[in-house]
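This report concerns only the one structure given below.
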Amino acid sequence: PYIHLGFTTVPVFHDAFIWEYPSHYNKYWLGLFKTFGVSAAKKASAVVTVTSYAKEQIAKYSGINAAKIIPIHIGPKSSIAESNTIKTDAVQLNVAQINSATNNWEHLLNKKYILHVGTIEKRKNLSTLITAFELLLQNNPQEIYLVIVGQKSNKPTLFDDAIFEMVAASKLLKERVIFTGYLSDSETAILYKHAALYVFPSVNEGFGIPILEAFAHQVPVLASNNSCLPEVAGNAAICFDPYNVSALSTLMADTLNDPALLQSLQQKGTERLEHFCWRKTLDELEAVFERRINNVKAQ
């Protein structure tokens, strides 16, 4: 709230997208939010965000004092991470659900595939991933698939039909690129569990939760070298230029063909995941609240 009637506030900004992509938002809502929401945040006792990168971007665009923006890392989506330990009978049930939801491609769970999870929108840079994957198939003949989990963005300004047209126009891609559409957490967890490699080619993220989900299922990760992704991945992923298609194609091929590297990435991902948990997030949030309460009492 813009007016504080005897209480203090701690708002949360997940990212700076309202400033970076203003055309993606309703102009009336955006104007109202910038007038009242951002002004209220400037008056707040603290502002929480999810990464140091997000902090820098929010301070840069909003005018909020960077000193009071506090980055607190979040954890993986628990319903996906915990599914790594589900029983065999539950796994079979989830496989059946996947078959029903995605036109019966159960056989892919026994094949080698590269995975991507997220809303399908321009920022995710899927055209680069698909083009690099096609180059991989051309240069390294093998039976491998690209599975893209997620639904189309409901905002026309965010969505790009080009990736579907690209796949439809290529006989090779039509047979090897699978768009599942929306899947439940349990279904997505099964796809993580069986994936050979997770590739995250996004050009802008506030946090990048799929990195942690991949770590939770011991999936080796390749991630873009921009925005917050290196901060979240640390040394547990190989970072790449998301605009260099040929380099990404070579990196995917080299990684998939190097068992020692794959094993190393799996181990590092497991170790890196220990830095991210909701208990730690809650403790840090509680510490922020306690400091603000004590400051109010001292006044």
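The values are calculated or read from the model by the stated rules, or taken from the named source; none is laboratory data. Treat the numbers as computed from the prediction; the structure is a model and nothing was measured. So basically every Cβ, Gly included, is an ideal-geometry build from the backbone, and we count neighbours across all protein chains shown. Note: accessible area is taken over every heavy atom of the protein model, side chains too, but ligands, DNA and RNA are not part of it. Shrake-Rupley method; radii C 1.70, N 1.55, O 1.52, S 1.80 Å.
Listed values for segment 114-125 are Karplus-derived 3J(HN,Hα) couplings in whole Hz (6.51 cos²θ - 1.76 cosθ + 1.60, θ = phi - 60°), namely 9, 10, 9, 10, x, 4, 7, 8, 4, 4, 6, 6, and x replaces Gly and Pro.
Treating the beta-carbon of each Lys and Arg as +1 and of each Asp and Glu as -1, no other charges, what is the dipole magnitude of segment 204-286 about its Cα centre, to the nearest 20 debye?
It works out to roughly 140 debye.
Cα centroid separation, segment 119-197 to segment 34-57: 34 Å.
Can you find, among Ser45, Thr188, Ser23, the residue sitting farthest towards the positive end of the charge dipole of the chain, where Lys and Arg contribute +1 and Asp and Glu -1 at Cβ? Selected residue: Ser45.
Its relative contact order, with pairs defined as Cα atoms under 8 Å and 6+ residues apart, puts segment 220-275 at 37 percent. Seen against the Cα atoms of the chain and their longest principal axis, helix 185-194 is set at about 50 degrees. Shown are Tyr113, Tyr53, whose ranking by accessible area with a 1.4 Å probe and every protein chain present, most to least, is Tyr53, Tyr113. Mean separation of Cα pairs under 8 Å and 6 or more residues apart, divided by the residue count, gives the chain a relative contact order of 20 percent.
Full extension of the chain between His275 and Ala67 gives 72.5 nm of extra length, using 0.36 nm per residue less the Cα-Cα distance. Kindly report, to the nearest 10 Å², the accessible surface of His4 as traced by a 1.4 Å probe over protein heavy atoms only. Result for His4: roughly 50 Å² accessible. Of all beta bridges that DSSP places with both ends in the chain, some 5 percent have antiparallel geometry.
Comparing Gly37, Gly208, Gly150 in a Gaussian network model of the chain, where Cα atoms under 10 Å apart are tied by springs, the biggest mean-square fluctuation is seen for Gly37. In segment 122-200, a dipole from Cβ-located charges (positive for Lys and Arg, negative for Asp and Glu) runs towards its positive end, and of Leu172, Leu158, Leu135 it is Leu158 whose Cα lies farthest in that direction. Taking each DSSP H run with n ≥ 4 as -39500 (n - 2.57) and averaging over every residue of the chain yields -14000 deg cm²/dmol at 222 nm. About its Cα centre, segment 133-207 has a charge dipole of approximately 60 debye under the convention of +1 per Lys or Arg Cβ and -1 per Asp or Glu Cβ, with nothing else charged. Computed from Cα positions, the angle between helix 259-273 and the longest principal axis of the chain comes to roughly 20 degrees. When the charge dipole of the chain is built from unit charges on Cβ atoms (+1 for Lys and Arg, -1 for Asp and Glu) and taken about the Cα centre, the candidate among Phe7, Gly206, Ala260 whose Cα reaches farthest toward its positive end is Phe7.
The charge dipole of the chain, taken about the Cα centre with unit charges on the Cβ atoms of Lys, Arg (+1) and Asp, Glu (-1), comes to about 960 debye, rounded to the nearest 20. Among the protein heavy atoms, those of Lys193 account for about 100 Å² of accessible surface (1.4 Å probe, every chain in place). Counting only heavy atoms of the protein chains and using a 1.4 Å probe, Val12 has close to 100 Å² of accessible surface.
Close amide-amide hydrogen proximity is noted between Phe200 and Leu222, Ala223, Ser224, each under 5 Å apart and 5 or more residues distant or on a separate chain (H modeled in the peptide plane; Pro and chain starts excluded). The relative contact order of segment 113-270, computed from alpha carbon pairs under 8 Å that lie at least 6 residues apart in sequence, is 26 percent. Partner lysines whose Cα lies under 21 Å from the Cα of Lys152, excluding those fewer than 8 positions away in the same chain, are identified as Lys77, Lys122, Lys124, Lys174.
Between rounded, prolate and oblate, where does segment 1-58 land on the alpha carbon gyration tensor, with a ≥ b ≥ c its root eigenvalues, rounded for a/c under 1.5, else prolate if a/b exceeds b/c?
Oblate, since a/c reaches 1.5 and b/c is not below a/b.
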